[in-house]
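All remarks here apply to the structure that follows.
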Amino acid sequence: MSLDKETVRRIAFLARLDVPDDQLDPLAGELSGILNWIEQLGEVDTADVAPMTSVAEMTLPWRDDVVTDGGYPERVTSNAPDRHDGFYLVPKVVE
Amino acid sequence: MTTLTDLTIAEARKGLDAKEFTAAELTEAHLAAMETHADLNAYITPTPERAREMAAASDARIAKGEAGAMEGIPIAMKDLFCTDGTRTTAGSNILGTFVPPYESTVSTNLWNAGAVLLGKANLDEFAMGSSNETSAFGNVVNPWTRTDQPERKLVPGGSSGGSASAVAARIAMGATGTDTGGSIRQPASFCGITGLKPTYGRCSRWGIVAFASSLDQAGPMARTVEDVALMLGAMAGHDPKDSTSAPIAVPDFAAAIEQGVAGLKVGIPKEYRPEEGFSPEIDAIWTRGMEMLRDAGAETVDISLPHTKYALAAYYIVAPAEASSNLARYDGVRYGLRVVEDGDSLNDMYCKTRGAGFGAEVKRRILIGTYALSAGYYDAYYLKAQKVRALIARDFKTAFDSGVDVILTPTTPSAAFGLDEEITDPVTMYLNDVFTVPTSLAGLPGLSVPVALTEAGLPQGLQLIGRPFDEDTVLRAGRALEKAAAFTAKPRLLEG
């Protein structure tokens with residue numbers, strides 16, 4: 001599998017990552033190298049194998065669906081780059 | 001005072017209880033050593049004030065006869081564990097100013113047991129790396145050097161490189177690490193210390209900056225098997241805030257380590273002898289390890305883990321896929337870096353923030369993960385990798401079901417390499433983890449114990465792999481190996 005520049009540009013936007021134009025080609029080369037190496041998984045017969053969905057063989061614990069924490073918006077938002085009255089502020093989304 | 005830093009955790013605990021020295025003295029000795037060896041760059045954020053306060057509190061508890069299992073023991077905390085009020089960076093610019101308003105469960109457990117925080121240890125950015133060279137806060141230096149090139153600086157391994165370097169250089173008695181594909185065991189081997197990745201679910205992941213959630217596991221790094229067992233006892237336990245942390249009792253790990261290995265069946269997997277890049281020297285150290293365990297009364301049996309060679313490729317789909325999802329949270333909205341200019345849209349802000357905040361390796365993995373999870377490729381990559389992962393886990397289960405108690409392998413295919421080697425091919429770097437990744441994919445406990453020095457005078461570890469939640473047997477076998485190997489060599493840095 002070989003990725004071209006446009007595919008890298010598309011993935012980068014899906015991942016919301018700014019990638020300067022001059023880095024698209026080198027990245028396409030690196031990512032293609034990794035993907036080509038991963039192609040070896042095709043050698044493994046997995047026709048009758050269920051994908052691993054949980055690491056430990058255990059039943060996840062249940063708990064009551066109740067609020068157990070909270071009530072301190074100042075602490076929660078203390079690291080926000082921009083905030084107001086317990087809310088996060090972002091650039092205008094809707095004109 | 002300098003000799004205080006040479007004590008093991010177990011020895012220091014005895015000395016503190018016997019009032020031979022105080023926790024304050026023990027901490028001061030380490031703070032002084034940290035300054036002496038600041039060039040190693042093992043710490044991103046030293047916390048001397050907090051250390052002194054915690055040590056004073058420890059002395060008060062010792063005086064009242066209320067000492068915990070880690071009382072007064074100064075440790076380094078990998079800068080991936082959130083510490084309330086102390087900056088936590090994950091080795092990334094995107095979290096460069098992040099001060100968590102909460103404390104991780106594992107660090108809380110350690111403080112409750114009386115441990116003292118010396119500082120936050122350096123690491124590869126978001127724990128993604130095998131040499132600590134991806135940290136936004138600079139490389140960490142391994143305190144060991146080659147005897148034939150004493151001036152050449154070597155990497156400590158990664159991602160828990162700061163933790164490993166600090167413990168080896170005696171500027172921490174122990175350190176926390178996290179291990180996703182080898183990030184505790186590989187640096188432990190490179191720095192000549194002992195490191196354990198516990199079973200997935202043994203320690204809570206709550207409050208640890210997430211990399212790959214189905215693989216990440218916190219574990220102890222220290223200079224002896226006993227110390228690792230002591231630390232693990234303090235770190236482990238079920239946590240309602242992490243539903244994947246196992247609701248099972250925490251045994252007294254340290255109590256079991258002297259039980260010996262008589263009658264144990266030690267599996268030797270033939271697939272851990274790759275054709276390329278495997279040093280014959282390390283093969284010989286592995287063979288000596290087998291002899292040591294046989295001399296101690298264990299039986300070695302040849303086993304096969306047929307899907308081993310596919311583990312790395314499966315890992316480099318699963319881990320980046322989970323990382324791309326976990327790291328979506330760094331968007332410049334709630335914490336961390338924000339890069340935005342007047343007139344920018346929300347998408348502009350996301351893209352600029354993430355483009356500026358993440359380093360090259362993290363970006364590579366986010367892109368691989370995003371691609372593997374994107375429409376039309378999910379089945380071909382992620383699903384396929386999870387199927388191969390199931391086969392790798394089945395290989396281990398088959399071996400253990402056949403009566404094998406523990407598996408012995410090398411920890412790494414080579415000893416520590418030079419900071420100047422500049423390994424630019426990502427796949428070559430990934431091969432460092434060829435022996436540790438299978439264990440991670442299967443969620444099993446893996447312990448690295450330093451066993452010998454290579455011809456160049458560098459430490460090399462062997463890895464012991466156990467059944468799920470059977471850290472006891474892994475530690476017992478590790479202790480037997482440790483006794484037989486009698487590894488007492490110290491980094492040249494400390495020999496003055």
(request) Working only within the range B:350-380, note down all residues that are farther than 24 Å from B:Thr134 by Cα and either within 26 Å of the chain's Cα centre (by Cα) or facing chain A (nearest Cβ under 7 Å) (or both). (result) B:Ser374
(message) Just to be sure I understand the filter: pairs with C-beta atoms under 6 Å, separated by 6 or more residues or on different chains, first member in the range A:16-36 and free of Cβ contacts under 8 Å to residues at least 40 places away in the same chain, second member of a type in the set (Gly, Ala, Ser). Which pairs pass?
(response) A:Leu17/B:Gly355; A:Asp18/B:Gly355; A:Val19/A:Ala12; A:Ser32/A:Ser2
(request) Name the single residue, out of those in the range B:304-336 being among the polar types (S, T, N, Q) and farther than 21 Å from B:Lys270 by Cβ, that is surrounded by the fewest Cβ atoms within 10 Å (Cβ to Cβ). (result) B:Ser325
(request) Scan the helices (runs of 4 or more DSSP H) fully inside the range B:5-73 and keep the ones with 2 or more residues being basic (Lys, Arg). (result) B:9-17, B:48-63
(message) Anything in the range A:66-95 that is open to solvent by 90 Å² or more (accessible area, probe 1.4 Å) and either touching a residue at least 60 places away in the same chain (Cβ under 8 Å) or out of contact with any Gly (no Cβ under 8 Å at 6 or more places or on another chain) (or both)? List them, or say none.
(response) A:Val67, A:Thr68, A:Asp69, A:Arg75, A:Arg83, A:His84, A:Asp85, A:Phe87, A:Lys92, A:Val93, A:Val94, A:Glu95
(message) If a residue must be among the β-branched types (Val, Ile, Thr), part of a loop (DSSP other than H, G, I, E, B) and at pLDDT below 95, how many such residues does the range A:34-65 contain?
(response) 3
(message) If B:Thr411 meets every condition in (1) away from chain A (no Cβ under 14 Å); (2) over 18 Å from B:Pro274 (Cβ atoms); (3) touching a helix residue (DSSP H, G or I) at 6+ places or on another chain (Cβ under 9 Å); (4) open to solvent by less than 10 Å² (accessible area, probe 1.4 Å) apart from one, which number is that one?
(response) (2)
(request) Taking only the range B:225-251 into account, find how many residues are open to solvent by less than 60 Å² (accessible area, probe 1.4 Å) and within 21 Å of A:Asp64 (Cα to Cα). (result) 7
(request) Would you mind telling me which numbered condition in (1) open to solvent by less than 10 Å² (accessible area, probe 1.4 Å); (2) in contact with a strand residue (DSSP E or B) (Cβ under 6 Å, 6 or more places away or on another chain) B:Ala485 fails? (result) (1)
(request) Tell me which residues, restricted to the range B:121-144, are touching a strand residue (DSSP E or B) at 6+ places or on another chain (Cβ under 7 Å) and farther than 9 Å from B:Gly157 by Cα. (result) B:Ala121, B:Asn122, B:Leu123, B:Ala127, B:Phe137, B:Trp144
(message) Against the definition (surrounded by 22 or more Cβ atoms within 10 Å (Cβ to Cβ), more than 15 Å from the chain's Cα centre (by Cα) and in a helix (DSSP H, G or I)), how does B:Leu441 come out, yes or no?
(response) yes
(request) Select from the range B:185-221 the residues that are under 17 Å from B:Arg170 (Cβ atoms) and open to solvent by 10 Å² or more (accessible area, probe 1.4 Å) and list them in ascending order. (result) B:Gly192
(message) Being more than 14 Å from chain A (Cβ to nearest Cβ), of a type in the set (Phe, Trp, Tyr) and farther than 23 Å from B:Arg389 by Cβ is true for just one of B:Phe190, B:Phe211. Which residue is that?
(response) B:Phe190
(message) For the structure I just gave you, tell me whether B:Val340 is more than 14 Å from chain A (Cβ to nearest Cβ), β-branched (Val, Ile, Thr) and either in a helix (DSSP H, G or I) or surrounded by 18 or more Cβ atoms within 10 Å (Cβ to Cβ) (or both).
(response) no
(request) Determine if the range B:388-397 includes at least one residue that is part of a helix (DSSP H, G or I), of a type in the set (Val, Ile, Thr) and open to solvent by 10 Å² or more (accessible area, probe 1.4 Å). (result) no
(message) When you scan the range A:25-43, do you find a residue that is open to solvent by 60 Å² or more (accessible area, probe 1.4 Å) and facing chain B (nearest Cβ under 7 Å), even just one?
(response) yes
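The values are calculated or read from the model by the stated rules, or taken from the named source; none is laboratory data. Because the structure is a prediction, the values reported are computed rather than measured. Note: ideal-geometry Cβ built from the backbone for every residue, glycine included; neighbour counts use all protein chains shown. Each accessible area value is taken on the protein alone, full model and side chains, heavy atoms only, with ligands, DNA and RNA left out. Shrake-Rupley method; radii C 1.70, N 1.55, O 1.52, S 1.80 Å.
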